[in-house]
1. Based on the Cβ-Cβ distance from Arg333 to Leu73, what FRET efficiency comes out when R0 is 35 Å, to the nearest 0.05?
2. Treat each spin label as a single point 7 Å out from the Cα along the C-beta direction, and report the Gln57 to Val22 distance in nm.
3. With +1 on each Lys and Arg Cβ and -1 on each Asp and Glu Cβ, and nothing else charged, work out how big the dipole of the stretch 80-204 is about its Cα centre, in Debye to the nearest 20.
4. Return a whole-number percent for the relative contact order of the chain, with Cα pairs under 8 Å and 6 or more residues apart as the contact set.
5. Can you list the aspartates and glutamates whose alpha carbon is less than 13 Å from that of Lys193, not counting same-chain residues fewer than 8 positions off?
6. In terms of Cα to Cα distance under 15 Å, which aspartates and glutamates are near enough to Lys102, apart from those fewer than 8 places away along the same chain?
7. Please list, or write none, the aspartates and glutamates whose alpha carbon is within less than 17 Å of the alpha carbon of Lys255, excluding same-chain residues fewer than 8 places away.
8. What are the ³J(HN,Hα) values, in whole Hz, obtained from phi via the Karplus relation 6.51 cos²θ - 1.76 cosθ + 1.60 with θ = phi - 60°, for each residue of the stretch 126-137 in sequence order, with x given for Gly and Pro?
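The values are calculated or read from the model by the stated rules, or taken from the named source; none is laboratory data. Remember, it's a predicted structure, so these values are computed and weren't measured experimentally. Here the Cβ positions follow ideal geometry from the backbone for every residue, glycine too, while neighbour counts run over all protein chains shown. Ligands, DNA and RNA are excluded from the accessible area calculation, which covers all protein heavy atoms including side chains. Shrake-Rupley method; radii C 1.70, N 1.55, O 1.52, S 1.80 Å.
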Amino acid sequence: DSFYRQLPKVELHAHLNGSISVATMENLISRKPHLNVQHSMTAIHKGQHRTLGQAFQAFKVIHQLVDTEEDILMVAKAVIGEFAADGVKYLELRSTPREETKTGLTKRMYVETVIEGIRQCKQEGLDIEVRFLVAVDRRNGPQVAMETVKLAEDLMVSSDGVVVGLDLSGDPKVGHGKDFVPALQKAKNCGLKLALHLSEIPSQKEESELLLTLPPDRIGHGTFLHPEVGGSQSLVDKVREKNIPLELCLTSNVKGLSVPSYDKHHFLYWYQLGHPCVLCTDDKGVFSTELSQEYQLAASTFGLSQEAVWTLSQQAISCSFAPGPLKEALSQRWVSLRPQVF
Ligand code: 5GP
């Protein structure tokens, strides 16, 4: 629908390697035929479901396909271009720095290459502002997390403001959040914003620790925070008290089976409370979606008017990690684009 595509949008929760489109994936697969990758291994198509664990298998395959600087640059530019074509005006991409001994790729080169992709898109005049969150994969443990934070701190200084924050992601069944508190605290102390996957699976008792000690600047998913699904009122109260925005990914949660159906998505719970909720794609490639589609889904599932949808996309600006002047410029942009959308 053209309304949702034309709607200016903010994307705050997008994992780079989960966001690779079919066309780009075909290109990658043809470049590495010896890996024998089929599309069914890297994406969950319409009507299909996988457990979160199975979805994580897809990332293993994708990482094999994206293991050189050339691949990373190509993927970063393609993903940014696709978000721009879908009407995203401000994008925060996140990705886990990865080293590949086979190709000589280092973690620093990895992130620098993504940043180069972001720069090239800007130079080429793409109508989208892009910032980067360095991702910590919890599967790799607290020591790697600390090293990743140091890398992020370095790059925050050298990237001219492109690196704005840190993400905590990876298989939520692995490890305990409290082990990552020192690394996360260090990141926060030097000015990196924190976007943490939290309560993505039924409570692991790490939520209150992370909410009390840090707290994060945004929450990814937060699926099981509220009492109806085994969370608690005190967790909800903490999130509300600190006004921590939620990044909500409808298709990802339904296809990944953490939410039974669209109408049962926790968007409704938080939206009705008037809490800041930002619709996001998570992994538009793996879950075969687009941000415009997520807005349309939310509108049709929860009966949102076009005006309500507009307000939702506009409010996302204030939840971003963009510096003040950029937030101001984006707000102006929304005002000037409004007549074209309605
Ligand atoms: P990358 O960091 O390689 O660009 O993107 C893929 C990685 O993002 C995965 O290996 C995983 O660590 C993280 N990721 C992507 N989607 C999800 C998700 O839905 N939940 C969690 N916890 N992590 C995710």
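1. Step by step, r from the Cβ atoms, then E = 0.80.
2. 2.2
3. 440
4. The normalised contact order for the chain reaches 22 percent.
5. Partners within reach: Glu92, Glu153, Asp167, Asp217.
6. Asp67, Glu69, Glu70, Asp71
7. List returned: Asp171, Glu200, Glu247, Asp263, Asp282, Asp283, Glu290, Glu294.
8. Values, residue by residue: 4, 7, 7, 9, 10, 10, 10, 10, 7, 9, 9, 8 Hz.
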